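Each remark here refers to the structure printed beneath this line.
Every number in this text was worked out from the coordinates using simple rules, so none of it is lab data. Just so you know, these numbers come straight off a predicted model, no measurement behind them. Don't worry about glycine lacking a Cβ; one is built from the backbone with ideal geometry, like all the others, and counts go over all protein chains shown.
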Amino acid sequence: MGVANVINLSHVRKVYGQGDVQVLALQDVSLHVSQGEMVAIMGPSGSGKSTLMNVIGCLDRPTAGTYILGDRDVSTLADNDLARVRNREIGFVFQTFNLLPRLNALQNVELPLIYRGEPRSSRLRKATAALAMVGLGERMHHYPNQLSGGQQQRVAIARALVGEPSILLADEPTGNLDSRAGEEIMAIFQELNRQGITLVMVTHDERVARHCRRIIRMLDGRIVADDPVPEPIVASRHSVGGEVTSA
Amino acid sequence: MSILEGIRMAWLSLSGNKLRTFLTMLGVIIGVAAVIAMVSIGQGATSQVTSQVQSLGANLIVIAPSASAGVRFTVDDAATLAGRVPELAQVMPVITSPVTAQYGITNYSTTVQGVTENFPQVRDFPVAVGRFFNAADVSDAANVAVLGQTVATQLFKGVNPVGRSVSINGQPFNVIGVLTAKGGSLGQNQDDVVVIPVTTAERLVRTRYIAAIYAIPKSADLSAVAVGHLENVFQHKYQSDQAVTVLAQDQLLSTVNTVTMTLTLMLAAIAGISLLVGGIGIMNIMLVSVTERTREIGVRKALGARRRDVMQQFLVESVFLAGVGGIIGILLGVGGAKLITQLAGWATSVSVPSVLLAFVFATAVGVGFGMWPAVRAANLNPIDALRYE
């Protein structure tokens with residue numbers, strides 16, 4: 001195919017707890033995602049999809065099996081090395097946005113670069129560019145409580161993108177948004193994906209998932225289906241990069 | 001993450017909750033201010049007492065008979081002593097008695113001191129106006145008097161007393177001089193005195209016995225030798241080391257210094273406890289803050305913050321709280337010491353080491369009490385922290 005796999009999970013198991021109260025969150029999961037894919041992970045609560053996201057996002061280590069991110073085995077890295085991988089290779093978008101309330105949009109977006117030790121001037125330049133990319137160039141100095149849910153999520157996307165990660169991980173990115181704002185977010189994701197970014201998201205919403213080109217379904221810690229989406233829904237882009245709907 | 005970024009972040013978070021930040025600092029502010037004010041009071045007292053003891057006269061040795069042991073000195077004993085202890089440069093008998101002095105219609109109760117003509121050298125207490133009496137005045141038992149500043153002011157109220165006559169216990173005395181102002185010493189006003197020849201005093205208060213013998217050694221180095229020699233003399237004479245007290249000024253000074261040092265340390269310790277309580281306040285608030293910001297810590301870790309980045313963030317906050325509290329406390333402590341001097345009239349002395357020590361201690365409190373919360377924050381598992389509601 002010529003396109004390298006970014007995510008390579010082989011026979012990954014994840015067990016929580018010890019002794020009698022062990023929970024088998026993932027059992028023998030193998031998953032390969034190549035550069036430029038847009039993948040949705042679906043499944044009921046407790047199916048292991050969040051655990052899978054945590055492993056892919058290097059927030060957690062697999063109990064067994066290997067995880068090769070890009071060309072590097074990250075399944076046994078120490079905490080600080082994992083932090084470094086998260087900082088450089090992974091962009092997170094959360095359901096509840098998780099912006100820091102005391103920082104304005106620009107300062108929130110700067111955060112990953114601060115932990116990378118990047119000098120202030122280039123931080124500002126990159127953060128400004130990332131905010132402009134999600135259509136919030138005008139609202140850089142607004143605080144999270146001055147922004148709508150959709151706008152906050154766009155700030156979060158800018159924060160995830162600013163470090164130019166190799167994958168973007170989104171955990172229910174539209175879960176706390178109305179359908180219109182959710183549509184905007186999906187439009188941004190599709191636009192980013194067109195530009196070549198690899199995107200993996202977890203969602204409950206079948207319609208949201210159908211914006212992706214591949215859907216993985218999980219049940220009881222296993223992948224039970226892995227199908228391409230024949231005709232992904234194309235999100236309308238009415239407000240991206242241009243006018244902003246509501247304040 | 002650089003320290004500068006850490007300070008910026010700490011500032012953002014602390015300025016986001018100003019009341020809490022202020023109240024947390026208050027513990028350290030009060031602690032540091034108390035340490036500095038208390039130590040300054042202690043040191044002020046020390047230097048005051050020291051200068052008072054020194055104002056008794058340089059290298060003064062006081063030889064006092066113990067009345068309970070039945071030992072009494074006469075003027076002749078003083079003269080004999082000068083011959084027997086060659087280390088002594090000056091020996092002076094002292095008779096002390098309360099008297100009433102009168103000038104015109106003004107009466108004033110004071111103390112008379114009967115001494116010899118070497119009083120200005122022995123007590124390091126020269127005259128300001130007029131002259132001191134001489135050996136002839138002493139051998140003649142002349143009715144001459146030298147007044148302390150307080151007595152001069154009380155009786156003469158601005159008039160130059162030299163050449164005028166005062167009545168002491170009904171006997172007329174010719175005022176020939178006024179002493180310089182010396183101030184208080186150990187609770188006594190040294191200027192509230194009338195100095196007359198010891199021979200005159202014997203007659204005035206009708207006694208053969210003197211209260212004490214003052215002596216000074218030939219040099220400061222000989223002080224200890226002289227004291228030892230004197231003690232030997234009296235031990236031999238009275239077969240008891242309780243009969244006569246020989247006290248050198250430097251001994252007195254070291255005793256006084258021990259006492260005031262203890263006092264200073266005790267005050268500092270009490271104030272230090274309040275600083276410790278302030279530190280516990282910081283720890284308390286930082287622990288609350290870590291719990292409150294669990295989610296924030298999770299987000300930061302997800303974005304790539306390492307363990308030490310998180311630790312540094314919280315540590316910088318607690319050190320900032322303690323450091324700024326320390327600086328405000330220093331200002332308040334120095335101001336408080338000045339205020340105490342103004343209002344209560346106590347001598348205070350703010351020393352640079354005590355200020356530095358208080359600041360370093362406050363910062364150390366910040367590090368010490370901020371460490372546990374910071375470690376707790378750094379050790380949070382990012383997944384749990386992100387899920388925390």
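Taking other Cβ atoms within 10 Å as a rough exposure proxy, A:Arg84, A:Arg154 sort from fewest to most as A:Arg84, A:Arg154.
Divide the volume of the convex hull around the Cα atoms of the protein assembly as shown by the residue count and you get 244 Å³ per residue.
Can you tell me the dipole magnitude for chain B around its Cα centre, using point charges on the Cβ only (Lys, Arg +1; Asp, Glu -1), in Debye to the nearest 20?
It comes to approximately 1260 debye.
Helix B:3-15 axis versus longest C-alpha principal axis of chain B: approximately 90°, rounded to the nearest ten.
Sorting the Cα pairs of chain A by distance into bins of 10 Å, from 0 upward, gives 8, 32, 36, 21, 5, 0 percent per bin. Placing unit charges on the Cβ atoms only, positive for Lys and Arg and negative for Asp and Glu, gives region A:1-149 a dipole magnitude near 500 debye about its Cα centre.
Placing one equal scatterer on every Cα of region B:220-368 and applying the Debye formula, the log10 ratio I(q)/I(0) at q = 0.09, 0.12 Å⁻¹ is -0.55, -0.73. In summary, the convex hull built on the alpha carbon positions of region B:150-255 has an orientation-averaged projected area of 9.4 nm².
Across chain B, C-alpha contacts under 8 Å between residues 6 or more apart give a mean separation that, scaled by the residue count, equals a relative contact order of 30 percent.
Over the Cα atoms of chain B, what is the Rg over Rh ratio if Rh follows Kirkwood? Expressed as Rg/Rh, it is 1.26.
When the dipole is taken about the Cα centre of region B:246-378, and only Lys, Arg (+1) and Asp, Glu (-1) are charged at their Cβ, what size is it in debye, to the nearest 20?
That gives a dipole near 660 debye.
Expressed in Å, the radius of gyration and Dmax of the Cα atoms of region A:108-189 are 12.6, 39. Sorting A:Ser10, B:Ser55, B:Ser223 from the fewest to the most surrounding beta carbons within 10 angstrom yields A:Ser10, B:Ser55, B:Ser223. Pairs over the 28 Å Cα-Cα cut-off, from the set A:Lys49/A:Lys126; B:Lys157/B:Lys182; B:Lys182/B:Lys237; A:Lys14/A:Lys126; B:Lys157/B:Lys338; A:Lys126/B:Lys301: A:Lys49/A:Lys126; B:Lys182/B:Lys237; A:Lys14/A:Lys126; B:Lys157/B:Lys338.
The ranking of A:Val134, B:Val129, B:Val178, B:Val146 from fewest to most other beta carbons within 10 Å of each one's beta carbon is B:Val129, B:Val178, A:Val134, B:Val146.
For chain B, adding -39500 (n - 2.57) for each run of n ≥ 4 DSSP H residues and dividing by the number of residues yields -19500 deg cm²/dmol at 222 nm. If you plug the beta carbon distance of B:Thr207 and B:Thr106 into 1/(1 + (r/R0)^6) with R0 = 30 Å, you get a FRET efficiency near 0.65. Per-residue ellipticity at 222 nm, computed for chain A from helices alone with -39500 (n - 2.57) per DSSP H run of at least four residues, works out to -9500 deg cm²/dmol.
Residues in region A:30-47 carry Karplus couplings, in order, of 10, 8, 10, 10, 9, 3, x, 7, 10, 10, 10, 10, 10, x, x, 4, x, 7 Hz; the curve used is 6.51 cos²θ - 1.76 cosθ + 1.60 with θ = phi - 60°, and Gly or Pro positions show x. When the protein assembly as shown is described by a simple charge dipole with +1 on each Lys and Arg Cβ and -1 on each Asp and Glu Cβ, the residue from B:Val85, B:Ile41, A:Phe97 located farthest towards its positive end is A:Phe97. For the segment B:303-313, counting C-beta atoms of other chains within 10 Å of every residue's C-beta and taking the mean gives 6. Across peptide A:57-66, the average count of Cβ atoms from other chains found within 10 Å of a residue's Cβ is 2.
Since only A:Pro232, A:Gln151, A:Tyr67 are under comparison, the one whose Cα sits farthest along the positive direction of the charge dipole of chain A, derived from C-beta charges on Lys, Arg, Asp and Glu, is A:Gln151. Only one residue of B:Gln171, B:Ala248, A:Tyr16 has its Cα farthest out toward the positive end of the dipole of the protein assembly as shown, where Lys and Arg carry +1 and Asp and Glu -1 on Cβ, and that residue is A:Tyr16.
Directionally averaged projected area (region A:83-127, Cα convex hull): 3.4 nm². Counting only other chain Cβ atoms within 10 Å of each residue's Cβ, the peptide A:97-105 averages 4.
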